[in-house]
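> I have a structure here, written as structure tokens, and I will follow up with some questions on it.
Coordinate-derived values only; no laboratory data. Small disclaimer: the values here were computed from a predicted structure and weren't measured. Heads up, the Cβs are rebuilt from the backbone with ideal geometry, glycines too, and the neighbour counts pull from every protein chain shown.
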Amino acid sequence: MKLNNKIKREIENLQAQILINQHRNLTQQEIMEKLIEFALKFAESIFGILEENKPLEDDYAWKILDHPLKWGIKDSSTTIDEKLCR
């Protein structure tokens, strides 16, 4: 696997942090294996990171904002508290 220089430096920094905090000298290969195992274990959490460049228009929340619910209130920004506090 070929990594860019920034990622290589980050792995070296992580390697140093592990040595300082855990008193363990892991190879970069061992660190990469642990990171991949972690990523596979928490793959669902990583999906959001992979979709960061997804167009805003495809976002579910954006679609909901495009089609707001009908509340029966012309200007909800000024009267919503009145309706909710009844």
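> What distance in nm lies between label points placed 7 Å from Cα along the C-beta direction at Asn21 and Ser45?
1.4
> Please give the FRET efficiency for Lys2 paired with Glu30, using the beta carbon to beta carbon distance and R0 = 30 Å, rounded to the nearest 0.05. Let's see the in-between values first.
Values: r = 19 Å, r/R0 = 0.62.
Once rounded, the FRET efficiency stands at 0.95.
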